[in-house]
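Here is the structure we will look at, set down as structure tokens.
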Amino acid sequence: QVQLVASGGGLVQAGGSLRLSCVASGSIFSINGMGWYRQAPGKQRELVTTITTDGRTYYTDSVKGRFTISRDNAQNTVALQMNNLKPEDTAVYYCHANIRARSSARPSDYWGQGTQVTVSS
């Protein structure tokens, strides 16, 4: 069984920083893309950032220059460093990974449990 467990998050004032981490564990054969999504109250879940196995990254426009995604392939982890946070960054953040389990011939999408980020003005 494969699972993603996220940590980090919390309450911070505008302009502050937070770091989110997510670790994939279980019977993993390989991990493809990893990333972070977020869902604000009353809104749909949106893609924030992704990173490929060779380190290529994508950021949604609203976080460019403020957020940095990284991954450690040896540790099966992905992290999100969030700087200069704004109130509009307030949301539940979910880590995502496309993982092929040892028991499966194809990869599947896995999600972390979500972690709350609240930015006060």
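The values are calculated or read from the model by the stated rules, or taken from the named source; none is laboratory data. As the structure is a prediction and not an experimental result, all values here were calculated from the model. Here the Cβ is made from the backbone with ideal geometry for all residues, glycine too, and neighbour counts use every protein chain on show. All accessible areas refer to the heavy atoms of the entire protein, side chains included, with ligands and DNA or RNA removed. Shrake-Rupley method; radii C 1.70, N 1.55, O 1.52, S 1.80 Å.
Restricting to the stretch 70-103, count the residues that are among the small types (Gly, Ala, Ser), over 21 Å from LEU11 (Cα atoms) and modelled with pLDDT of 95 or more.
Qualifying residue count for the region: 4.
Against the condition without any contact (Cβ under 8 Å) to a residue 40 or more places away in the chain, within 19 Å of LYS86 (Cβ to Cβ) and in a loop (DSSP other than H, G, I, E, B), how does GLY16 come out, does it pass?
When the stated conditions are applied, GLY16 does not pass them.
Which of the residues belonging to the stretch 23-42 are of a type in the set (A, V, I, L, M, F, W, C), open to solvent by less than 50 Å² (accessible area, probe 1.4 Å) and closer than 15 Å to THR53 by Cα?
ALA24, ILE28, ILE31, MET34, TRP36
How many residues, within the stretch 69-121, are open to solvent by 50 Å² or more (accessible area, probe 1.4 Å) and in a loop (DSSP other than H, G, I, E, B)?
Here the count works out to 13.
For the stretch 1-22, give me each residue that is open to solvent by 40 Å² or more (accessible area, probe 1.4 Å) and β-branched (Val, Ile, Thr).
Once the filter is applied, which keeps residues that are open to solvent by 40 Å² or more (accessible area, probe 1.4 Å) and β-branched (Val, Ile, Thr), the stretch 1-22 yields only VAL5.
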